[in-house]
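Visitor: Sharing a structure here in structure tokens format.
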């Protein structure tokens, strides 16, 4: 696809907000590169960072060479964009550790997208830049009036104020763009619309310092149908690190999307063609209760971030909530699936003395041992989704004690997690 076709594609997908010169961007070629940057302020990227990776793939398909920049220097300063107050400064050691973890994530995801960007770290060319050199070679090209006019600065001046450290952030980012322009023939920077001020500062520096022509392209702030910022759940940030947000919960996040968000997000977060998305849209309209669009999106994004096996595991985990088998699920997966249900910790020695009726009463799944007996006799009680038949059967006769936890169920959906101590 040509770059003008790629730009049209981005617009259709809802991934285009503004650009400084669409015509000039469409004329860039394979000798030119573009870059996207991320500051390593956390040990993991979060779900919103996926957008930058996806836009990078689209542009690379148009023939441009991608550069992914880790802000080893700028991450130690803190970007004021979108923040109402000063960020807490990270130590350089913490920033370096975050770069290591994030770079591993990004490389894995790009490999699944069959993309091989060049990875750079702005600490490499910033660490030896003296204050005098920075002020003479970079700072002199920016007037205070120009910087004060930027929305990110104005919004902070109108509220909590802004430190000189964060005030200088846009100049540091501008220097990154100028450096990549000179060393990597980087003609384009991309980012979210909240980064527009920082990105265009780079254009200003390139124009004034080396009389070069560079360009900017941004995507809009992604929101749901209620106007809420994308990327949060009731439990907080959705991370790309499986240790912070498990593949199961990541899969569930997408499955639980509102019907009104499913198709717009399919356009943004998948590479499905227009005809494929149109077909899913028709299915969604005809039978919204089947949630076909959400299922497809959940599978695609989990595979992109965590791999095919993670999709299989996430689906198997979800089946447990509908009476599916526990076989093959790890203790960690079970804790993840049942993290929101009531739980009890009981000594294993004590459990070995209990009957089925005893454990239901002990965990207060029922009000009394008599009720437990009646429930079991009526076929309404389960351990690990296997129906209990005799209330007087000892737990030692059940394989549930072979592990460190098991799950009780009464009725169709009343779960209780039992952990052994």
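Visitor: Exactly one of (1) touching a residue at least 24 places away in the same chain (Cβ under 8 Å); (2) within 19 Å of residue 399 (Cβ to Cβ); (3) out of contact with any strand residue (DSSP E or B) (no Cβ under 8 Å at 6 or more places or on another chain) is unmet by residue 334. Its number?
Guide: Of (1) touching a residue at least 24 places away in the same chain (Cβ under 8 Å); (2) within 19 Å of residue 399 (Cβ to Cβ); (3) out of contact with any strand residue (DSSP E or B) (no Cβ under 8 Å at 6 or more places or on another chain), only one is false for residue 334: (3).
Visitor: So, one more: From the residues in region 175-186 that are surrounded by fewer than 24 Cβ atoms within 10 Å (Cβ to Cβ) and touching a residue at least 12 places away in the same chain (Cβ under 8 Å), which one is nearest to residue 151 (Cα to Cα)?
Guide: 179
Visitor: Report, by residue number, each residue of region 287-326 that is in contact with a helix residue (DSSP H, G or I) (Cβ under 9 Å, 6 or more places away or on another chain) and not in a helix (DSSP H, G or I).
Guide: Scanning region 287-326 gives 291, 307, 321, 324, 325, 326.
Visitor: Scan 30, 56, 44 and give me the residue that is modelled with pLDDT under 95 and either crowded, with 16+ Cβ neighbours inside 10 Å or in a loop (DSSP other than H, G, I, E, B) (or both). Even if it seems obvious, please write down each step before you answer.
Guide: On the way: 56 fails: modelled with pLDDT under 95; 44 fails: modelled with pLDDT under 95.
Exactly one of 30, 56, 44 is modelled with pLDDT under 95 and either crowded, with 16+ Cβ neighbours inside 10 Å or in a loop (DSSP other than H, G, I, E, B) (or both), namely 30.
Visitor: While we're on this one: Taking interchain pairs and intrachain pairs at least six residues apart, which have beta carbon atoms under 8 angstrom, with the first residue in region 307-326 and without any contact (Cβ under 8 Å) to a residue 60 or more places away in the chain and the second surrounded by fewer than 18 Cβ atoms within 10 Å (Cβ to Cβ)?
Guide: 316/324; 316/328; 319/325
Visitor: Would you mind finding the one in 109, 51 that is farther than 24 Å from residue 179 by Cβ, touching a strand residue (DSSP E or B) at 6+ places or on another chain (Cβ under 8 Å) and assigned by TED's automatic domain parsing to the domain that holds residue 182? Give the steps one after another, and end with the answer.
Guide: On the way: 109 fails: touching a strand residue (DSSP E or B) at 6+ places or on another chain (Cβ under 8 Å).
Checking each option against the conditions leaves just 51.
Visitor: Another question, if that's okay. Could you pull out the residue among 189, 195 that is modelled with pLDDT of 95 or more, in the same structural domain as residue 71 (by TED's automatic domain parsing) and within 28 Å of residue 14 (Cα to Cα)?
Guide: Answer to the selection: 189.
Visitor: Ok, one more. Within region 59-68, which residues are farther than 30 Å from residue 89 by Cβ and either buried (at least 21 other Cβ atoms within 10 Å of the Cβ) or free of Cβ contacts under 8 Å to residues at least 12 places away in the same chain (or both)?
Guide: Across region 59-68, the qualifying residues are 59, 62, 64.
Visitor: Of all residues in region 219-276, count the ones that are within 21 Å of residue 192 (Cα to Cα) and in a loop (DSSP other than H, G, I, E, B).
Guide: 14
The values are calculated or read from the model by the stated rules, or taken from the named source; none is laboratory data. For clarity, every value in this text was computed on a predicted model and none was experimentally measured. For neighbour counting, all protein chains shown are included, and Cβ atoms are generated from backbone atoms with ideal geometry for every residue, glycine included.
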